[in-house]
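Enquirer: Dumping the structure here so I can ask a few things about it.
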Amino acid sequence: MDSLKKYYMELGVDEAVYDYAQSIEKELKPRFEKMDAVAERNQLKVLKAMQKNKIAEAHLSGTTGYGYNDIGREAIEAVYADIFGTEDALVRPQITCGTHALGLALGAVLRPGDEILAVSGKPYDTLEEVIGIRESKGSLAEYGITYSQVDLLENGEFDYEGIRKAAGSRTKLIHIQRSKGYASRKTLSVEQIGEAAAFLHKINPEWIVMVDNCYGEFVEETEPSDTGADMVVGSLIKNPGGGLAPIGGYICGRRDLIEQCACRLTTPGLGKEVGASLGVNRQFLQGIFMAPTVVNAALKGAVFAANLYEKLGFKVIPDASEERYDIIQAVELHDPEKLKAFCEGIQKASPVDSYVTPEPWAMPGYDSNVIMAAGTFVSGSSIELSADGPMKEPYAVYFQGGLTYPHAKYGIIMSLQRMVEKGLLEIKTV
């Protein structure tokens, strides 16, 4: 028995499960090499931005109190602006999560009487209450901001004719969600988003095209902000934090829009000038430096998962051979017990809290119970190995993350192992 197989078996993996997984991985080596090339180019892009802005040891320290003259905070925002090709950026620990960053951006640039037009279908679940699609205290709807929606076409492309018809005199901001969230649609490529941005700006140059960039950063060589988006928004405990940022979010875009966002985050008159970094500058800078290779590891894990489960007869989104535009891999299990078992396997593979069992619960912001597995160093970090899904048909699990590819691989193998142990699947010896 080879030493690698021995290690896996000592960690609770059956020989048949291991052999099946190895046969899948063997076929992926050429594809992994292409992904490594994208990661290398993105690594150089990040390095160039850090060197251009003369990042020094002095930038790694933090401030307290008001945070006046925080040179580290200012340097981080300059680095982000260069990486994303924008005029300015707001990158703060005071932005608590991706939903907060998106809500902040919407609330900053919209006024009573304005309308949001979502052109990639309904936004992610947690934004529904922010917008007021589902009633909630303090929603944008309470301030007279309305919402309209155009779904993608069945082939996953933008419905340009539908967009033209839905837009009106109140339309102010166009919302595009790059990743699929808990929907079954395809993730949007940077090229698709760029084509949509050009179309939208041709109709009305004053429209603000805002892209929810969560889970997509560094998957491709370019970002939506390189191809016409006015704002890109995301979370630092996803891709750009590299697994090191303990909290935070970012908004990159036009200078006037970033100023509005800063005044909404702090207060008018203070804007970007306040907001102590509280000692996280080092993690923010080192995290964005590590992000291209960390994202590549997570992406390899997603491709491995797609191939492993598709060959077992499950519908996977994206499928095993599709191009990748985010790190999320969906697997439709059509069985609540399989969904639970998958998440149990991911939890058992974690470095933190590996001994606990995830259970479905009524998470804030969702319309059904959700099960989540995430034994992470940063609580809830979805660039680390994690899996989750709503407890409703098609009982799809959404797998993402992995700071290293070997860990992502082991997590996927354990998700399969757990289903085998519970008698929900059978793996024939390869």
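Enquirer: Hey, in the GNM for the chain with a 10 angstrom Cα cutoff, which one of Gln400, Gln177, Gln51 fluctuates hardest?
Expert: The residue with the greatest mean-square fluctuation here is Gln51.
Enquirer: Further, regarding this structure: Tell me, rounded to the nearest percent, the portion of alpha carbon pairs in the stretch 79-214 spaced more than 23 Å apart.
Expert: 33
Enquirer: Shifting gears a bit: For Leu333, enumerate residues with amide H under 5 Å from its amide H, sequence gap 5+ or separate chain, H modeled in the peptide plane.
Expert: Ala396, Val397
Enquirer: Something else about it: Which value, in Å² rounded to 10, gives the accessible area of Leu333 with a 1.4 Å probe and all protein chains present?
Expert: About 10 Å², ignoring ligands and nucleic acids.
Enquirer: In the neighborhood of Gly67, defined by Cβ-to-Cβ distances under 15 Å, what is the net charge if each Lys or Arg adds +1 and each Asp or Glu adds -1? Can you show the working numbers first?
Expert: Working: positive: Arg73, Arg92, Lys272; negative: Asp70, Glu74, Glu77, Glu273.
Charge balance in the 15 Å sphere: -1.
Enquirer: About the Cα centre of the chain, what is the dipole size in debye to 20, counting +1 per Lys and Arg Cβ and -1 per Asp and Glu Cβ, all else neutral?
Expert: Dipole magnitude for the chain comes out near 460 debye.
Enquirer: Next question, about the same structure. Mean 1/r over all different Cα pairs, inverted: what Kirkwood radius does the stretch 338-430 give, in Å?
Expert: Hydrodynamic radius (Kirkwood, Cα pairs) of the stretch 338-430 is 13.3 Å.
Enquirer: Enter the mean projected area of the convex hull around the alpha-carbon atoms of the stretch 280-424, in nm², rounded to one decimal.
Expert: 8.9
Enquirer: Report Rg (one decimal) and Dmax (nearest whole number) for the stretch 20-60, counting Cα atoms only, units Å.
Expert: 17.0, 50
Enquirer: If you take every residue apart from Lys45 with its C-beta less than 14 Å away from the C-beta of Lys45, what net charge results, scoring Lys and Arg +1 and Asp and Glu -1?
Expert: -4
Enquirer: Does the stretch 195-328 come out rounded, prolate or oblate, given a ≥ b ≥ c as the square roots of the eigenvalues of its C-alpha gyration tensor, rounded meaning a/c under 1.5 and, failing that, prolate meaning a/b above b/c?
Expert: Oblate shape, in that a/c is at least 1.5 and b/c is the bigger or equal ratio.
Enquirer: Related question: Counting only the heavy atoms of the protein chains, how much of Cys97 is accessible to a 1.4 Å probe, in Å² to the nearest 10?
Expert: Its heavy atoms expose roughly 50 Å² to the probe.
Enquirer: What list of ³J(HN,Hα) couplings, whole Hz, do you get for the stretch 352-357 from phi and the Karplus terms 6.51, -1.76, 1.60, once you set θ to phi - 60° and write x for glycine and proline?
Expert: 3J(HN,Hα) across the stretch 352-357, in whole Hz: 10, 6, 5, 8, 9, 10.
Enquirer: Determine the order of Tyr160, Tyr215 by accessible area, beginning with the largest, at a probe radius of 1.4 Å.
Expert: Tyr160, Tyr215
Enquirer: Another question, if that's okay. Using Cα-Cα distances under 8 Å and only pairs 6 or more residues apart, what relative contact order does the stretch 271-358 have, in percent?
Expert: 17 percent.
Enquirer: For Lys52, which aspartates and glutamates qualify as cross-link partners when the Cα separation must be under 12 Å and same-chain residues fewer than eight apart are set aside?
Expert: Asp82
Enquirer: Please identify, among Lys186, Lys300, Lys48, the residue showing maximal mean-square fluctuation in a Gaussian network model of the chain using a 10 angstrom Cα cutoff.
Expert: So, out of Lys186, Lys300, Lys48, the one fluctuating most is Lys48.
Enquirer: Moving on to the next point. Can you compute log10 of I(q)/I(0) for the stretch 134-192 with the Debye formula, treating each Cα as one identical point scatterer, at q = 0.20, 0.22, 0.28 Å⁻¹?
Expert: -0.94, -1.04, -1.21
Enquirer: Related question: Running a GNM on the chain with Cα contacts under 10 Å, which residue among Ile174, Ile328, Ile24 ends up with the highest mean-square fluctuation?
Expert: It is Ile24.
Enquirer: Okay, moving on. Roughly how much of Met391 is accessible, in Å² to the nearest 10, using a 1.4 Å probe?
Expert: We get 40 Å² for Met391.
Enquirer: Need one word for the stretch 121-167: rounded, prolate or oblate. Basis is the Cα gyration tensor (sqrt eigenvalues a ≥ b ≥ c); a/c below 1.5 gives rounded, then a/b vs b/c decides.
Expert: Since a/c reaches 1.5 but b/c is at least a/b, the shape of the stretch 121-167 is classed as oblate.
Enquirer: Continuing with this model, one more query. Please sort by residue number the GluC sites (Glu not before Pro) in the stretch 1-51 whose DSSP state is loop and whose Cβ has at most 14 other Cβ atoms within 10 Å.
Expert: Glu27
Enquirer: Out of the GluC sites (Glu not before Pro) in the stretch 286-385, which ones are loop residues according to DSSP with at most 13 other C-beta atoms within 10 Å? Mind showing how you got there, number by number?
Expert: Numbers: sites: Glu310, Glu322, Glu323, Glu332, Glu337, Glu344, Glu384; in loops: Glu322, Glu323, Glu384.
Here the sparse-neighbourhood loop sites are Glu322, Glu323.
Enquirer: A further question on this structure: Can you pull the percent of the chain's accessible area that's carbon plus sulfur, 1.4 Å probe, other chains left in place?
Expert: That fraction is 52 percent.
Enquirer: Counting Lys and Arg as +1 and Asp and Glu as -1, what is the net charge of the other residues whose Cβ lies under 15 Å from the Cβ of Gly411?
Expert: That works out to -1.
Enquirer: For the stretch 79-171, which trypsin sites (Lys or Arg not before Pro) are both in a DSSP coil and crowded by at most 11 other Cβ atoms within 10 Å?
Expert: When the trypsin sites (Lys or Arg not before Pro) of the stretch 79-171 are filtered for loop state and at most 11 Cβ neighbours within 10 Å, Lys137 remain.
Enquirer: Roughly how far apart, in whole Å, are the Cα centres of the stretch 246-311 and the stretch 168-191?
Expert: Distance between centres, Cα-based: 19 Å.
Enquirer: For the full complex of protein chains and a 1.4 angstrom probe, list Asp226, Asp212 by accessible area with the highest value first.
Expert: Working: Asp226 75, Asp212 10 Å².
Order by accessible area, largest first: Asp226, Asp212.
Enquirer: If you don't mind, there's one more thing I want to ask. Could you provide, to the nearest whole Å², the per residue accessible area of the chain with probe 1.4 Å?
Expert: Numbers: 17830 Å² over 430 residues.
About 41 Å² of surface per residue is accessible.
Enquirer: Treating only the Cβ atoms of Lys and Arg (+1) and Asp and Glu (-1) as charged, compute the dipole magnitude of the stretch 156-280 about its Cα centre; round to the nearest 20 debye.
Expert: 460
Enquirer: Relative contact order for the chain: what is it in percent, counting Cα pairs under 8 Å that are at least 6 residues apart?
Expert: Answer for the chain is 18 percent.
Enquirer: Taking only the alpha-carbon positions of the chain and ignoring solvent, what does the Debye formula give for the base-10 log of I(q)/I(0) at q = 0.06 Å⁻¹?
Expert: Result of the Debye calculation: -0.24.
Enquirer: Given that compact globular proteins tend to follow 2.2 N^0.38 Å, what is the ratio of the alpha-carbon Rg of the stretch 135-273 to that value?
Expert: Ratio of Cα Rg to 2.2 N^0.38 Å: 1.11.
Enquirer: Largest first, what is the accessible-area ranking of Asp70, Asp88, Asp256 with a 1.4 Å probe?
Expert: Asp256, Asp88, Asp70
The values are calculated or read from the model by the stated rules, or taken from the named source; none is laboratory data. The model shown is predicted, which means the values in this text are computed figures rather than measured ones. In this analysis, Cβ positions are derived from the backbone assuming ideal geometry, glycine residues included, and neighbour counts consider all displayed protein chains. Side chains included, ligands, DNA and RNA excluded: accessible areas come from the protein's heavy atoms. Shrake-Rupley method; radii C 1.70, N 1.55, O 1.52, S 1.80 Å.
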